[in-house]
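K.L.:
Okay, here's the structure, questions in a sec.
The values are calculated or read from the model by the stated rules, or taken from the named source; none is laboratory data. Bear in mind that the values here come from a model prediction, so they are computed numbers and not experimental data. Cβ atoms come from the backbone with ideal geometry, glycine included; neighbour counts cover every protein chain shown.
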Amino acid sequence: MTVTQSAESHESVGDAPRPVDRGPVRAEASDSFTELLPQTRRALLRRLAVGQAEGRAPSMVGAVVRGGQAVWTGSRGSVEGEAPHGDVQYRIGSLTKTLVAVLVMRLRDEGLLCLDDPVSKHLKGSPVPEATIAQLLSHSSGLTAEPRSPWWERTAGELRPEPADLFDDRPQRLAAGRRHHYSNPGYALLGAVVERLRGGRPWYEVLRAEVLQSLGMVRTTTQPEAPHADGWAVHPWADALLPEPAHDTGLMGPAGQLWSTPDDLCRWAAFLLHGDDRVLSAATVAEMRTPAVPPEENGWDAGYGLGIQLVRREGRRLAGHTGSMPGFLATVWTDPEEEVAAIVLANCTSGPSVPTIAADLAGIVTAHEPRIPEPWRPLSGPLDPDLLALTGPWYWGANPHVLRLRADRELELAPLSGVGRASRFRAQDDGTWAGLDGYYAGETLTVVRDEQGAVSHLDLGTFVFTRGPYEPSGPVPGGVDPQGWRV
């Protein structure tokens with residue numbers, strides 16, 4: 001293979017070229033403004049070019065997804081003497097974990113496991129029998145960060161043929177559930193859980209059948225398939241290269257084995273933004289990016305959900321994952337609020353800050369072309385007059401709130417001052433509403449009626465909301481002074 005360090009570059013708008021058309025990125029977003037402005041495209045290409053040059057990467061590819069579509073791809077450097085395009089494979093390292101996490105969440109949604117299940121319920125002989133599935137997903141099981149030596153990322157999986165070969169005599173370093181402690185072997189265990197609950201089928205076979213084929217990600221594989229980039233180490237003090245090995249990591253595969261392309265990862269990013277009912281609902285995907293563990297000391301700008309990394313950058317909340325294997329760096333960040341995602345791949349062991357470059361690509365689009373909100377539309381279907389009668393001002397003591405009716409019989413309660421406890425509520429079959437977010441997540445909102453059937457008040461987790469501030473006729477806990485308000 002010939003590697004050139006020339007300033008070769010490639011940029012395309014829309015779906016990048018590929019040998020076989022696998023259809024557009026699937027998503028439910030309706031924003032039709034998918035073509036980026038020329039100045040935005042130039043800023044994206046420049047950021048990628050600076051990252052590749054300063055990071056001294058043999059090649060680097062970037063892509064942006066907006067409105068459910070790949071709207072820009074760009075590259076610098078070369079693979080086999082040509083500028084890499086959207087169908088060139090790179091190794092994606094720990095991005096693999098996010099795909100494995102989706103398989104686990106599918107099992108949960110099917111009722112085959114619970115996130116609170118101890119892993120030993122599904123996997124006999126686990127080195128952390130009391131750690132839960134959720135703790136493995138969120139890296140809070142306390143399990144060791146790395147498997148037994150030698151360095152698993154640069155050696156063949158045959159050196160660790162059995163699960164017991166992954167661990168030394170002290171597999172658990174911390175108490176389960178107390179701290180975030182990143183664990184690669186934890187995802188080896190999750191891959192084994194998937195295989196166990198899918199009748200012994202290999203985890204990748206399950207992934208391909210249940211996720212990759214549905215999303216059109218047919219170029220995401222466990223072994224490289226041409227065209228693909230080779231992995232390189234770059235000498236720290238000279239512009240020289242050393243090839244990196246690319247072994248099959250065996251049982252550690254669920255932690256970082258996969259190879260993928262910019263095109264496939266654009267589809268993956270669109271899925272992480274909007275979900276896909278063929279794989280996981282949007283609600284479950286949103287659950288995955290909800291913080292599951294407390295951040296570490298000064299790490300309040302970063303966290304972890306269920307298989308999803310979380311970062312805060314310049315006021316934006318990003319969700320996705322980073323990845324590295326010898327010879328490769330990868331990142332996918334999504335910005336759900338702006339419905340934008342960015343992907344960056346490079347074929348070097350170290351050098352460029354790929355996570356920062358990807359965050360910057362998403363930020364460029366957000367800054368240059370902010371998301372255009374969906375048009376307002378009235379509620380569809382027949383309007384329930386009883387629900388409409390509940391809307392308007394309610395008072396928690398003397399604190400004014402407003403209750404609004406949303407689509408699908410959802411209610412939204414928020415303080416009129418804009419400061420305080422706000423939550424959305426979903427209608428339940430028993431006539432109550434369950435809190436979806438904020439302080440009241442999981443709490444029950446009940447409309448309480450008097451003996452004549454008229455609405456008396458709202459009960460929200462023992463908090464009473466009345467139609468007037470400290471309404472004397474309302475069931476205010478502790479009662480209301482009989483003399484009422486005074487000056």
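K.L.:
What's the number of the only condition in (1) assigned to a loop (DSSP other than H, G, I, E, B); (2) hydroxyl-bearing (Ser, Thr, Tyr); (3) buried (at least 22 other Cβ atoms within 10 Å of the Cβ) that Tyr187 fails to meet?
P.N.:
(1)
K.L.:
Another question, then. For the range 461-487, which residues satisfy the criterion of being without any contact (Cβ under 8 Å) to a residue 60 or more places away in the chain, outside the structural domain of Val402 (by TED's automatic domain parsing) and either in contact with a Pro (Cβ under 6 Å, 6 or more places away or on another chain) or of a type in the set (Val, Ile, Thr) (or both)?
P.N.:
Of everything in the range 461-487, those that are without any contact (Cβ under 8 Å) to a residue 60 or more places away in the chain, outside the structural domain of Val402 (by TED's automatic domain parsing) and either in contact with a Pro (Cβ under 6 Å, 6 or more places away or on another chain) or of a type in the set (Val, Ile, Thr) (or both) turn out to be Val480, Val487.
K.L.:
Check Lys97 against each of (1) surrounded by fewer than 21 Cβ atoms within 10 Å (Cβ to Cβ); (2) not in a loop (DSSP other than H, G, I, E, B) and name the one condition it does not meet.
P.N.:
So the condition that Lys97 fails would be (1).
K.L.:
Quick one: what pairs do we get from the range 40-63, first residue of a type in the set (Lys, Arg), second assigned to a helix (DSSP H, G or I) and crowded, with 18+ Cβ neighbours inside 10 Å, C-beta under 7 Å, 6+ apart or different chains?
P.N.:
Arg47/Ile357; Arg47/Asp360; Arg47/Leu361; Arg47/Ile364
K.L.:
Quick one: in the range 359-378, which of the residues that are free of Cβ contacts under 8 Å to residues at least 60 places away in the same chain and touching a strand residue (DSSP E or B) at 6+ places or on another chain (Cβ under 7 Å) is farthest from Asp301 (Cα to Cα)? Outline the logic, then answer.
P.N.:
Narrowing the range 359-378 to residues free of Cβ contacts under 8 Å to residues at least 60 places away in the same chain: 359, 363, 366-367, 370, 373, 375-378.
Subset that is touching a strand residue (DSSP E or B) at 6+ places or on another chain (Cβ under 7 Å): 359, 363, 366.
On the way: Ala359: 13, Gly363: 16, Thr366: 19 Å.
Result: Thr366.
K.L.:
Which residues, taken from the range 453-485, are of a type in the set (Gly, Ala, Ser) and assigned to a strand (DSSP E or B)?
P.N.:
Selection gives Ser456 alone.
K.L.:
Can you find even one residue in the range 427-444 that is outside the structural domain of Thr290 (by TED's automatic domain parsing) and within 20 Å of Pro469 (Cα to Cα)?
P.N.:
No: the range 427-444 contains no residue that is outside the structural domain of Thr290 (by TED's automatic domain parsing) and within 20 Å of Pro469 (Cα to Cα).
K.L.:
Which one of the conditions (1) at pLDDT 85 or above; (2) of a type in the set (D, E, K, R); (3) closer than 25 Å to Pro294 by Cβ does Glu195 fail to meet, given that it meets all the rest?
P.N.:
(3)
K.L.:
Here's a follow-up. Among the listed residues Leu413, Leu436, Leu390, Leu361, identify the single one that is touching a helix residue (DSSP H, G or I) at 6+ places or on another chain (Cβ under 7 Å), surrounded by 13 or more Cβ atoms within 10 Å (Cβ to Cβ) and not basic (Lys, Arg).
P.N.:
Answer to the selection: Leu361.
K.L.:
Let me ask another. For Asp116, indicate whether it is among the acidic types (Asp, Glu), in contact with a strand residue (DSSP E or B) (Cβ under 8 Å, 6 or more places away or on another chain) and part of a loop (DSSP other than H, G, I, E, B).
P.N.:
yes
K.L.:
Would you mind telling me which numbered condition in (1) among the hydrophobic types (A, V, I, L, M, F, W, C); (2) closer than 23 Å to Val340 by Cβ; (3) without any contact (Cβ under 8 Å) to a residue 40 or more places away in the chain Cys114 fails?
P.N.:
(2)
K.L.:
Do we have Pro171 as under 30 Å from Val61 (Cα atoms), touching a Ser or Thr at 6+ places or on another chain (Cβ under 8 Å) and modelled with pLDDT under 95 here?
P.N.:
Against the criterion (under 30 Å from Val61 (Cα atoms), touching a Ser or Thr at 6+ places or on another chain (Cβ under 8 Å) and modelled with pLDDT under 95), Pro171 does not qualify.
K.L.:
Can I ask one more? What residue, among those in the range 120-142 that are modelled with pLDDT of 95 or more and of a type in the set (Val, Ile, Thr), is farthest from Leu197 (Cα to Cα)?
P.N.:
Thr132
K.L.:
Additional query: What number of residues in the range 268-304 are under 19 Å from Glu337 (Cα atoms), buried (at least 22 other Cβ atoms within 10 Å of the Cβ), among the small types (Gly, Ala, Ser) and in contact with a helix residue (DSSP H, G or I) (Cβ under 9 Å, 6 or more places away or on another chain)?
P.N.:
1
K.L.:
Still on this structure, please answer the following. What's the number of the condition Arg148 fails, among (1) of a type outside the set (Asp, Glu); (2) free of Cβ contacts under 8 Å to residues at least 24 places away in the same chain; (3) in contact with a strand residue (DSSP E or B) (Cβ under 7 Å, 6 or more places away or on another chain); (4) surrounded by 15 or more Cβ atoms within 10 Å (Cβ to Cβ)?
P.N.:
(3)
K.L.:
Scan the range 76-102 for residues that are touching a Pro at 6+ places or on another chain (Cβ under 9 Å) and farther than 17 Å from Trp232 by Cα and report the count.
P.N.:
Qualifying residue count, the range 76-102: 7.
K.L.:
Tell me whether the range 73-94 contains one or more residues that are over 23 Å from the mean Cα position of the chain (by Cα) and aromatic (Phe, Trp, Tyr).
P.N.:
Checked against the condition, which is being over 23 Å from the mean Cα position of the chain (by Cα) and aromatic (Phe, Trp, Tyr), the range 73-94 yields no hits at all.
K.L.:
Determine, yes or no, whether Glu337 is under 14 Å from the mean Cα position of the chain (by Cα), surrounded by fewer than 17 Cβ atoms within 10 Å (Cβ to Cβ), assigned to a loop (DSSP other than H, G, I, E, B) and assigned by TED's automatic domain parsing to the domain that holds Leu190.
P.N.:
yes
K.L.:
Looking at the range 86-98, I want the residues that are closer than 19 Å to Ala286 by Cα and charged (D, E, K, R) and have a partner that is modelled with pLDDT of 95 or more and crowded, with 24+ Cβ neighbours inside 10 Å with Cβ atoms under 6 Å, at least 6 apart or on another chain. Which pairs are those?
P.N.:
The qualifying pairs are Lys97/Tyr187; Lys97/Gly307.
K.L.:
Name the residues in the range 152-181 that are in a loop (DSSP other than H, G, I, E, B), surrounded by 13 or more Cβ atoms within 10 Å (Cβ to Cβ) and touching a residue at least 60 places away in the same chain (Cβ under 8 Å), would you?
P.N.:
Within the range 152-181, Thr155, Ala156, Arg160, Arg179, His180 meet the criteria.
K.L.:
Name the residue, out of Gly81, Gly68, that is small (Gly, Ala, Ser), closer than 24 Å to His321 by Cα and either in contact with a Ser or Thr (Cβ under 7 Å, 6 or more places away or on another chain) or surrounded by 20 or more Cβ atoms within 10 Å (Cβ to Cβ) (or both).
P.N.:
Selected residue: Gly68, the only one of Gly81, Gly68 that is small (Gly, Ala, Ser), closer than 24 Å to His321 by Cα and either in contact with a Ser or Thr (Cβ under 7 Å, 6 or more places away or on another chain) or surrounded by 20 or more Cβ atoms within 10 Å (Cβ to Cβ) (or both).
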